[in-house]
Amino acid sequence: VQLQACGGGLVQAGGSLRLSCAASGNIFSMISMGWYRQAPGKERELVATAARDGSITYADSVKGRFSISRDTAKNTVYLQMNNLKPEDTARYYCKLTKSRVTYYWGQGTQVTVSS
């Protein structure tokens, strides 16, 4: 499984960015795709996930500002990020999950929000 993420960048507070992550390879039996982020000196944390059954989960810190969506035909997941805040600055990682013990990470894309 390969995950190619893109869309990060530098934006001012209040701005927007859209991340995308395209999956390829043996993604059969994938149960969810999602986004996590890791800021310097902090642990990686969940941002949003979209499950195959249609269920969606957001971190409390991004609810109402971020929106995750999937294009199943393209095996791609998107993260629309609006009203960005400096505390959203982090490296954002795409994750594809097949089971509790089988999952894959993308290489990450940097998001920097200036105040």
> Do you know which of the residues in the range 66-89 that are touching a strand residue (DSSP E or B) at 6+ places or on another chain (Cβ under 6 Å) and among the hydrophobic types (A, V, I, L, M, F, W, C) is farthest from Ala5 (Cα to Cα)?
Replying inline: Leu84
> If you scan the range 1-12, which residues turn out to be open to solvent by 30 Å² or more (accessible area, probe 1.4 Å), of a type in the set (A, V, I, L, M, F, W, C) and modelled with pLDDT of 95 or more?
Replying inline: Leu10
>> Looking only at the range 5-53, count every residue that is under 15 Å from Gln110 (Cα atoms) and among the polar types (S, T, N, Q) and tell me the total.
In response: 4
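The values are calculated or read from the model by the stated rules, or taken from the named source; none is laboratory data. The structure displayed is predicted, hence computed values, not measured ones. As a convention, Cβ positions derive from the backbone with ideal geometry for all residues, glycine included, and neighbour counts pool all protein chains shown. Accessible surface areas use protein heavy atoms only, side chains included; no ligands, DNA or RNA. Shrake-Rupley method; radii C 1.70, N 1.55, O 1.52, S 1.80 Å.
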